[in-house]
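Okay, so here's the structure we're looking at.
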Amino acid sequence: MALKVLFVASEVSPYAKSGGLGDVAGSLPLALQKAGCDVRVVFPKYRTIKDSFLTGCQYVTSFDTTLDWRTQKADIYTMQAEVPTYMIGNDFYFNRSGFYGYGDDDERFVFFSKAAIEFLNYIDFVPDVIHCNDWQTAPICLYMKDRYSLIKDFKNVKTLFTIHNLQYQGMFTKGALRMMELDENYYFTNDKLEYYNMVSFMKAGLLYADAVSTVSKTYADEVQTQQYGYGLDGVLRARNNVLYGIVNGIDYSANDPATSQKIYCNFSADDMSGKAENKRRLQEDLHLPQNPDVPMLGVISRLVDQKGINLILQASYELVNRGVQLVILGTGDYHYENVFKDLAYRYPENISANILFDDGLAQKIYAGSDMFLMPSLFEPCGLGQLFAMSYGTVPVTRTTGGLVDTVQMFDSSTGKGNGFQFQDYDSNGLMWAVDRALEVYKNKENWDKVVMNAINTRFSWEKSAEEYIDLYKKIVEGKQDKYAENNC
């Protein structure tokens, strides 16, 4: 029989996406289905979902979900999608202009978590594993241990909790426990959900899931340290025996320079001539000098500290002095947006600041740039470096998280490596790596080698799905403990 998986997330691309979680939730379930799993996906029905995505959406049923002092109706809809996909609607909670950042986020996502379990009673589907993602769905892991395990159909259902970004933990007041209909005296302790006199939803996932995973192997190690653990490193060390790291993938069919309709000119590893035309057209559209010999460095990112944007800003004058072209696309902190606009005004031949989100322009930057800067403070997995490499654009990254697992320093003596890396989190380290890349760029033979290594790098969802299926099976069989003698 096929392994049954319920994939629960607060966002799913292309319907609702604010970051990497949406990409994962939009791609991994499809790869799991293609690998033979029986998968269902469920996420909230936000107001911001485009009408075009709701075409063919069908109402299934409604039921009441209780949150101590309030009873709310959960409306279930099914989407037209390759993987059976469901939305849980409730205008009181989800008819808003954004996904997160509201004073009642604890109530909103406890409602969603409870409804995501209860709706199974109405679709005739009992999963072997419920795959939960980030703090918004962490209450599911606790509920499956606390109360739903008592229900006959659900008593054997297991949970996997995936950390996409440990920095966001879902911190709420003690009253969240009452709203969750949990015993406050029992659960508001340091060994359970209490965290600096608050309730941490993330902690609920870490403690009560049958297994925990992160989105890269290196990040799984990093979150167990004080530097990257955001106060939960002790909990993660205690659960090290069931903590796994699985690198995210990307959809190469949707990011294929040979077929993409979003770039100026198609090209492939067999014929790279079109990449130069993409660079020229991008320079033209961004009003930069059309010089094929000037190295173009792309940045596609949220403009926030986590992404190392402060390092790029600190190095901006040195980059200008190196004579490169720096193309920035993204939105974020108001300070960074304005400073980059100012730099673009002052150095119009070197810097193009595009303070917006534009998927079409993003693809053109991936295809037209020579290098891709990603100097992250921390990076659970990172997808930008994977997208860039699929277009033969060489990543320059810091050695953290998934960037370690996907990018290897180029060695001109061996011809191996697909990018350039630095370790210390400062602008000197970034410029050291950029200078190494620029040095190789001057040697066409060596540059061609690193470009080919990059474009031939593959981290597919098919490979990730295989690893997840293996982990699901371990969880179902009770063999997720990496150090148990009977599992050796």
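Taking a straight line from the alpha carbon of Lys152, these lysines sit under 18 Å away, with near neighbours fewer than eight places off in the same chain left out: Lys4, Lys114.
Along each principal axis, taking the top coordinate minus the bottom one, the Cα set of the chain gives 67, 51, 45 Å in descending order. Here the residues Lys275, Lys442, ranked from fewest to most Cβ neighbours within 10 Å of their Cβ, fall in the order Lys442, Lys275. Per-residue Cβ neighbour counts within 10 Å put Trp69, Trp135 in the sequence Trp69, Trp135, beginning with the fewest.
The convex hull of the Cα atoms of segment 1-71, projected and averaged over all directions, covers 6.8 nm². Pairs exceeding 30 Å between alpha-carbon atoms, taken from Lys50/Lys73; Lys262/Lys444; Lys34/Lys217; Lys217/Lys449; Lys17/Lys444: Lys17/Lys444.
Would you mind calculating the relative contact order of the chain from Cα pairs under 8 angstrom and at least 6 residues apart, reporting the percent as a whole number? Dividing the mean separation by the residue count of the chain yields 12 percent. Were the residues from Ser52 through Asn241 laid out at 0.36 nm apart, the gain over their Cα-Cα distance would be 63.6 nm. Summarising the amide proton neighbourhood of Lys4: residues at separation of 5 or more, or on other chains, whose placed amide H is nearer than 5 Å comprise Asp38, Asp128, Val129.
Beta carbons within 10 angstrom, averaged per residue: use that to sort the peptides 401-414, 148-161, 9-22, highest first.
Details: 401-414: 19.4, 148-161: 16.4, 9-22: 20.9.
Order by mean packing, descending: 9-22, 401-414, 148-161.
In straight-distance terms, cross-link reach from Lys307 covers every one of the aspartates and glutamates whose alpha-carbon lies under 16 Å from its own, apart from those fewer than eight places away in the same chain; here that gives Asp333, Glu337, Glu379, Asp424, Asp426.
Among Ile49, Ile263, rank each residue by its count of other Cβ atoms within 10 Å, from fewest to most, as a rough exposure measure. Show your work: numbers first, answer last.
Numbers: Ile49 19, Ile263 24.
Exposure proxy ranking, most exposed first: Ile49, Ile263.
How big is the Rg/Rh ratio for segment 273-458, C-alpha atoms only, Rh by Kirkwood, two decimals? Could the numbers behind the result be given before it?
Numbers: Rg = 14.8 Å, Rh = 16.0 Å.
With Rg and the Kirkwood Rh in hand, the quotient comes to 0.92.
Enter the angle in degrees (range 0 to 90, nearest 10) between the Cα long axis of helix 444-455 and the first principal axis of the Cα atoms of the chain, meaning the one along which they spread out most. So the helix axis and the longest Cα principal axis differ by about 20 degrees.
With the cut-off at 1.5 for a/c, could you classify segment 126-170 from its C-alpha gyration tensor as rounded, prolate or oblate?
Working: a/c = 4.07, a/b = 2.10, b/c = 1.93.
Prolate, since a/c reaches 1.5 and a/b exceeds b/c.
If you put +1 on each Lys and Arg Cβ and -1 on each Asp and Glu Cβ, how big is the dipole of the chain around its Cα centre, in Debye rounded to 20?
Working: 47 positive and 61 negative charges, 61 e Å.
The calculated dipole for the chain is roughly 300 debye.
Across segment 206-316, Cα-Cα distances exceeding 22 Å account for 60% of all pairs. Using the Cα gyration tensor of segment 319-361, with a ≥ b ≥ c the square roots of its eigenvalues, what is the shape: rounded (a/c below 1.5), prolate (a/b larger than b/c) or oblate (neither)? Verdict is oblate for segment 319-361. Taking the inverse of the mean reciprocal distance over all distinct Cα pairs, the Kirkwood hydrodynamic radius of segment 446-486 comes to 12.9 Å. For segment 444-477 and segment 264-338, what is the separation of their C-alpha centers, rounded to whole Å? The distance from the Cα centre of segment 444-477 to that of segment 264-338 comes to 26 Å.
Step by step: find N for segment 326-408, compute 2.2 N^0.38 Å, then divide the Cα radius of gyration by it. What's the final number? Mind dumping the intermediate values first?
Values: Rg = 13.3 Å, N = 83, 2.2 N^0.38 = 11.8 Å.
So segment 326-408 has a normalised radius of gyration of 1.13.
Computed on segment 273-458, with alpha-carbon pairs under 8 angstrom and 6+ residues apart, the relative contact order is 21 percent. Helix 105-118 and the longest principal axis of the C-alpha atoms of the chain enclose an angle of approximately 70°. With axes computed from alpha carbons, what is the tilt in degrees of helix 359-368 against the longest principal axis of the chain, rounded to the nearest 10 within 0 to 90? The two axes meet at around 40 degrees.
Each reported figure results from applying straightforward, stated rules to the coordinates on display, with no laboratory input. What you are looking at is a predicted structure, and each value in this text was computed from that prediction instead of being measured. Cβ: placed from backbone, ideal geometry, glycine included. Neighbour counts: every protein chain shown.
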